[in-house]
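Let me begin by presenting the structure, written as structure tokens, before commenting on it.
The values are calculated or read from the model by the stated rules, or taken from the named source; none is laboratory data. Since the model is a prediction, treat every value here as computed from it, not as a measurement. For neighbour counting, all protein chains shown are included, and Cβ atoms are generated from backbone atoms with ideal geometry for every residue, glycine included.
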Amino acid sequence: MAYHYSRKLNLPFDHVLSKVNENLQQQGFSVITCIDVQETLKQKLNVSFRKYKILGAFHPECAYKAISLESHIGLIFPCHIVVQEHENREVEVSAISPLETIEKTVETTQLTDLATQVDNRLRVAVDDLHRATSAPDHAEALPTEGLHKDAPVIQG
């Protein structure tokens, strides 16, 4: 399994960024950090770089449960989402896969279940971006079983 999950869109960067924030909130995440790589590289290295932002998404309920199970799991928080614009103006949104970032030595059934829940929420947030573009439904979109009962289920 890959360490990230991505979708590419032919929409303006700022529109995609706004929609990502909205979708993450709908899935119970708060965006607690935003690193503007383009701006930072310009300021620190005086180099030009494409639009590239790293969002740090935090799901308080899941974080509390995870830290209660494994005290050092906070080292991999928050969940990172990258929004970047490629040379062809296509915008790509990538989300980390929590299932792939859990250290195998601390992996338990409870942590795996929790990581699956977070992974599903991130994938729904990213998949909703793709569906919002009026593109055809994709068979590869992940099922929503295992999501928290209050999480919205996105129908294709």
If you go through the range 39-48 one residue at a time, do you hit one that is surrounded by 17 or more Cβ atoms within 10 Å (Cβ to Cβ), at negative phi and at pLDDT 95 or above? no
Filtered residues of the range 59-88 (kept if touching a strand residue (DSSP E or B) at 6+ places or on another chain (Cβ under 6 Å) and part of a helix (DSSP H, G or I)): none
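Could you pull out the residue among 28, 56 that is in contact (Cβ under 8 Å) with a residue 24 or more places away in the chain, of a type outside the set (D, E, K, R), on the phi > 0 side of the Ramachandran plot and not in a helix (DSSP H, G or I)?
Of 28, 56, the one residue that is in contact (Cβ under 8 Å) with a residue 24 or more places away in the chain, of a type outside the set (D, E, K, R), on the phi > 0 side of the Ramachandran plot and not in a helix (DSSP H, G or I) is 28.
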Top-ranked residue in the range 1-30 [being aromatic (Phe, Trp, Tyr) and either surrounded by 15 or more Cβ atoms within 10 Å (Cβ to Cβ) or touching a Cys at 6+ places or on another chain (Cβ under 9 Å) (or both); ranked as farthest from residue 102 (Cα to Cα)]: 13
Mind listing whichever residues of the range 31-47 are assigned to a loop (DSSP other than H, G, I, E, B) and out of contact with any helix residue (DSSP H, G or I) (no Cβ under 7 Å at 6 or more places or on another chain)? 46
